[in-house]
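*Asks:* Encoded as structure tokens, here's the structure I'll be asking about.
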Amino acid sequence: MRGLTGLLFFALLFLIVFFGQAISLYTDWLWFQEVGFSQVFTTTLTFKLILGLVFGGLFFLLVYFNIKLAARAPKGIRVVDEESAIELPSPELIDPLLQRLLLPVAIVLGFFAAPQAASHWESLVLFLNSVPFGLEDPLFGRDIGFYVFRLPALTALYNWLTFTLGLTVLATSFTYLLYRGVQYTQRGLFLTKRARAHLLSLVAIFLLIKAAGYYLDTFELLYSPRGAAFGASYADVYAGLPALRLLTFLSVIGAGLCLLQIYRPGFAYVLSGLGALVLVHIVGLNLYPSFLQRFRVVPNEIEAERPFIKRNIEFTRRAYGLDKIESKEFPAEEQLTAADLRRNDLTIKNIRLWEHRPLLATYAQLQEIRTYYKFVDVDNDRYLIDGTYRQVMLSARELSHQHLPSRIWINEHLTYTHGYGVVFGPVNQVTPEGLPEFFIKDIPPVSTGPLKVTRPEIYYGELANDYVFVRTKAQELDYPAGDQNVYTNYQGKGGVPVSSLWRKLLFSARYATLRIALSNDITRESRILYHRRIQERVKKIAPFITFDRDSYLVIGQEGRLFWIIDGYTTSNRYPYSEPTGRLGNYIRNSVKAVVDAYDGTVRFYLSSPEDPIILAYAKVFPGLLQPLEAMPEDLRAHIRYPQDLFAVQARMYATYHMQDSQVFYNKEDLLSIPRKAVNGQEREMEPYYTIMRLPGEKKEEFILLLPFTPNKRDNMRAWLAARSDPPNYGKLIALDFPKAKLVYGPKQIDARIEQDAFISQQLSLWGQRGSQVIRGSLLAIPIEKSLLYVQPLYLAAEKGSLPELKRVITAFGNQIAMEETLEQSLQRIFGGRPVREATQVASAPEVARGEKSPASRALEHYIRSQDFLRQGNWAAFGEELKRLESVLKEMQKGR
């Protein structure tokens, strides 16, 4: 009867603890049906249940039956000569309590062990659906797929068996101690025959499992950080590997000795086996490798480690996709002319003058319209506008429930349900007041170009709350219009129907509020929209994919809004590959996820079909991934190389562009990402998008760029570019600058700008007038065979937050100019007509032949003289004045 009472108690506890999880599971099932991925839900749940039931059940059986067997040990055993050294209660007192609690406690332990086992479902599905990489490791000759797909599952199984059996041995030993099957007296340790056979059998099984662990540890050497480079080093291969193989053999021998000891008195066999195992473990895995490293490797490390460094370089480059980078020489000449700028007119017109941070603040002041609308981020993209390839900035106007004027439940979940519209404008156009130009703005959206937004409602975004109800009796705000509000009724297919009282009660329990169940505004036609944050939404469907932090908005051809999110397959099990942060040591941009901002429809597209990891998941979840060609063409035109991936590759490339083992070991050509000051702190430059024509190419394209400097130096050494336009999407190009030539880096150009007398004086003057000077990112733009620097400069009131673009600084070679517009700034350096007037046809014959008129030469000498004057270069200033005088005299004679 007491045992039954205990079972009922634990059953009640189980219901209370896991009732909420059951509700969450069922509502998740409804949600997966809504988004059309119920097969993903059932497959994942099936694998979790199988693992939980199998390993939870095994845990229960091992604990229960071993303790049950130990509790049946002969009672009444007493120490013959002396009393036991450990005072314990009588077995007659312990037995009723243990018999009553053993079954429910074992069930509870098994139940709590089940979720831990279920959490390894990804390891199981990859183990069962592994795909070969087609590349073998050089040490063991196994395909990389073994390490990525099979080894993690085997290691997880080993760890589970080690923990479970170790716990079972301890619990069984303690039970024997309570029942006097094991006694510790002044004469030593005493075991009954049953206890001896039982415990030594368990130890033998434990040692066999340990042998398997040592065998798996041999493969773990490929992830050793011991040597000069990540991966198996000289000491690992010639000391650690033989030791692990010996330990595997000794563990098997030790298990045999444990079984033999059952039939022999004492513990000599067991102690000798365990002693040998411990001794070899300490000497073979700690002392000898350290000795070999110090006295054999360190005196001539490069020679000993050369083949292992080579493996590290090769496998790291493969793991991060660096082996596909195309390297070219970039002369970095200083011969750029106005004619070159005119030939690269599209590049000049797409130089980004609006920095993300000041532009976001400006958007907030000009276009939020109401306090509850917020712009979370500004996305950089490109569109074909009136036949011209334009780089644009785009930001979604999202609803922030935290900023509602009245945060009552009806407002948060029934009335204010969605954001509305976007702001959209070019990266380089400015109004006379220094504010950004808009192609699309206001509520409802007003468009000044051919691109229209026909479905501006944003029910799914980056700032959504937990849930909202649509199609209710309550008025759902569409957008504010002056003193009036315009209301709407949701027409999309998103959301789960709340078609019954049962459903209302269900969601009341999920969100812990009775308002849902008691609300008269929620009808049978109502729908509940949840998991509305796009990052959460895609992660819920595909938890095995790592998604980019920056999702970006795209305006479709028909005027609908879509979010595109890049997804990565990652692993920390790629042999010899150098790990980076929490990411692991392997990454591929394998997935492009698209979310409809109105109805929440989610689609996943396979963007890296050669990646074995995503192919393995495609086998597990057929129908989840569609080929990239299936993406609508208007959306496919906006896929871009992701910044997060590019930043990771750039950091690795800074070291792993060195492919010679000797150069790599000495770090002779180590690169660094330039640093810049942001809010008073030094940070690495972020990659930036631009439209430009790569050297040797015939047309401009959307490029992601990042420069490099030599380690601990500030001059420019190289830059890395990622291409985003078809048919070259995903290709990486590295342009190397001449090592023997000084090419100014971003930090040096920054210093020269600060040292310019005129610019420095102007900045100080603005600061004294109570304005905050904001210097934008210094962009390095490759044009032809030269490098042009551009930096926007913003002014904002100290107590305000409306930055205005007031000046543009350009730098080329030794020349620096600061003017109100980019065109004027370029004209100060290169002379000639502004780029905007480049299409004007020259009329003078000498100009048509490429010769400069006397007036043009005079203007150039004047501009240069003023530049030298601002720089305080009096000698050069005097020379330019003499040349100007000579040209003026020539013009005088020609009259």
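The values are calculated or read from the model by the stated rules, or taken from the named source; none is laboratory data. Keep in mind that this is a model prediction, so the values were computed, not measured. Methodologically, a virtual Cβ is constructed for each residue, glycine included, from the backbone with ideal geometry; neighbour enumeration extends over all protein chains shown. Accessible surface is based on the protein model in full, side chains and every heavy atom, while ligands, DNA and RNA are left aside. Shrake-Rupley method; radii C 1.70, N 1.55, O 1.52, S 1.80 Å.
*Asks:* Please verify whether residue 336 is in contact (Cβ under 8 Å) with a residue 40 or more places away in the chain, crowded, with 18+ Cβ neighbours inside 10 Å and either outside any loop (DSSP other than H, G, I, E, B) or among the aromatic types (Phe, Trp, Tyr) (or both), treating the condition exactly as stated.
*Replies:* Here the answer is no, as residue 336 does not meet what is asked.
*Asks:* Another question, then. With the requirement that a residue be buried (at least 21 other Cβ atoms within 10 Å of the Cβ), of a type outside the set (A, V, I, L, M, F, W, C) and outside any helix (DSSP H, G or I), what does region 606-637 give you?
*Replies:* 607, 611, listed by residue number.
*Asks:* In addition: Can you tell me which condition residue 440 does not meet? The list is (1) in contact with a Ser or Thr (Cβ under 9 Å, 6 or more places away or on another chain); (2) open to solvent by less than 20 Å² (accessible area, probe 1.4 Å); (3) more than 30 Å from residue 822 (Cα to Cα), and all the others hold.
*Replies:* Answer for residue 440: the failing condition is (3).
*Asks:* State yes or no: is residue 603 part of a loop (DSSP other than H, G, I, E, B) and either open to solvent by 30 Å² or more (accessible area, probe 1.4 Å) or at positive phi (or both)?
*Replies:* Taking the combined requirement at face value, the residue does not satisfy it.
*Asks:* Then there is this: Any idea how many residues of region 757-795 are open to solvent by less than 30 Å² (accessible area, probe 1.4 Å) and either under 24 Å from residue 332 (Cβ atoms) or among the aliphatic types (A, V, I, L, M) (or both)?
*Replies:* Result for region 757-795: 18.
*Asks:* For region 83-94, check the following and say yes or no: at least one residue is open to solvent by less than 60 Å² (accessible area, probe 1.4 Å), outside any helix (DSSP H, G or I) and at pLDDT 95 or above.
*Replies:* No: zero hits.
*Asks:* Something else now. Just to be sure before I move on: is residue 292 surrounded by 12 or more Cβ atoms within 10 Å (Cβ to Cβ) and assigned to a helix (DSSP H, G or I) in the structure I sent?
*Replies:* yes
*Asks:* Of (1) surrounded by fewer than 15 Cβ atoms within 10 Å (Cβ to Cβ); (2) within 30 Å of residue 307 (Cα to Cα); (3) in contact (Cβ under 8 Å) with a residue 60 or more places away in the chain, residue 141 satisfies all except one. Which?
*Replies:* Only one criterion is unmet by residue 141, namely (3).
*Asks:* I would also like to ask the following. If you check 109, 62, 126, 98, which single one turns out to be at pLDDT below 90 and either out of contact with any strand residue (DSSP E or B) (no Cβ under 6 Å at 6 or more places or on another chain) or β-branched (Val, Ile, Thr) (or both)?
*Replies:* 98
*Asks:* May I pose another question? Among strands (runs of 3 or more DSSP E) lying entirely in region 669-771, which contain 2 or more residues that are touching a Pro at 6+ places or on another chain (Cβ under 8 Å) and modelled with pLDDT under 95?
*Replies:* In region 669-771, the matching strands (runs of 3 or more DSSP E) lie at 701-710, 718-723.
Okay, residues lined up against (1) out of contact with any Gly (no Cβ under 8 Å at 6 or more places or on another chain); (2) under 18 Å from residue 306 (Cβ atoms); (3) assigned to a loop (DSSP other than H, G, I, E, B):
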site	(1), (2), (3)
190	yes, no, no
194	no, no, no
198	yes, no, no
203	yes, no, no
208	yes, no, no
216	yes, no, no
220	yes, no, no
227	yes, yes, yes
238	yes, yes, no
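*Asks:* Quick one: which residue in 381, 345 is open to solvent by less than 10 Å² (accessible area, probe 1.4 Å) and within 24 Å of residue 637 (Cα to Cα)?
*Replies:* Of 381, 345, the one residue that is open to solvent by less than 10 Å² (accessible area, probe 1.4 Å) and within 24 Å of residue 637 (Cα to Cα) is 381.
*Asks:* Here is a follow-up. Considering only region 366-389, state which residues are assigned to a loop (DSSP other than H, G, I, E, B) and out of contact with any strand residue (DSSP E or B) (no Cβ under 8 Å at 6 or more places or on another chain).
*Replies:* 371, 386, 387
*Asks:* Could you figure out which of (1) open to solvent by 10 Å² or more (accessible area, probe 1.4 Å); (2) farther than 30 Å from residue 629 by Cα isn't true of residue 725?
*Replies:* Against the list (1) open to solvent by 10 Å² or more (accessible area, probe 1.4 Å); (2) farther than 30 Å from residue 629 by Cα, residue 725 comes up short only on (2).
*Asks:* Sticking with this structure for a sec: So, in region 417-437, exactly how many residues are open to solvent by 20 Å² or more (accessible area, probe 1.4 Å) and either of a type in the set (Gly, Ala, Ser) or modelled with pLDDT of 95 or more (or both)?
*Replies:* Number satisfying all stated conditions: 0.
*Asks:* Checking residue 503 against (1) open to solvent by less than 10 Å² (accessible area, probe 1.4 Å); (2) over 30 Å from residue 382 (Cβ atoms); (3) touching a strand residue (DSSP E or B) at 6+ places or on another chain (Cβ under 8 Å), which single condition isn't satisfied?
*Replies:* Of the numbered conditions (1) open to solvent by less than 10 Å² (accessible area, probe 1.4 Å); (2) over 30 Å from residue 382 (Cβ atoms); (3) touching a strand residue (DSSP E or B) at 6+ places or on another chain (Cβ under 8 Å), the odd one out for residue 503 is (1).
*Asks:* Among the residues of region 220-231, is there at least one that is charged (D, E, K, R) and either closer than 30 Å to residue 661 by Cα or open to solvent by less than 10 Å² (accessible area, probe 1.4 Å) (or both)?
*Replies:* Yes, region 220-231 contains at least one residue that is charged (D, E, K, R) and either closer than 30 Å to residue 661 by Cα or open to solvent by less than 10 Å² (accessible area, probe 1.4 Å) (or both).
*Asks:* Output the residue which, of all residues in region 157-183 that are open to solvent by 40 Å² or more (accessible area, probe 1.4 Å) and aromatic (Phe, Trp, Tyr), is farthest from residue 72 (Cα to Cα).
*Replies:* Filtering first and then ranking leaves 163.
*Asks:* Could you grab me the full set of residues in region 488-532 that are farther than 12 Å from residue 468 by Cα and among the aromatic types (Phe, Trp, Tyr)?
*Replies:* 502
*Asks:* For region 325-332, does any single residue satisfy the condition of being open to solvent by less than 40 Å² (accessible area, probe 1.4 Å) and under 26 Å from residue 809 (Cα atoms)?
*Replies:* Checking region 325-332: at least one residue is open to solvent by less than 40 Å² (accessible area, probe 1.4 Å) and under 26 Å from residue 809 (Cα atoms).
*Asks:* Pull up region 254-288, narrow it to residues that are surrounded by fewer than 18 Cβ atoms within 10 Å (Cβ to Cβ) and of a type in the set (Gly, Ala, Ser), then point me to the one that is nearest to residue 238 (Cα to Cα).
*Replies:* Among those that are surrounded by fewer than 18 Cβ atoms within 10 Å (Cβ to Cβ) and of a type in the set (Gly, Ala, Ser), it is 276.
*Asks:* Across region 653-693, which residue is most open to solvent (accessible area, probe 1.4 Å) among those that are basic (Lys, Arg) and over 30 Å from residue 341 (Cβ atoms)?
*Replies:* Once the filter is applied, the top-ranked residue is 683.
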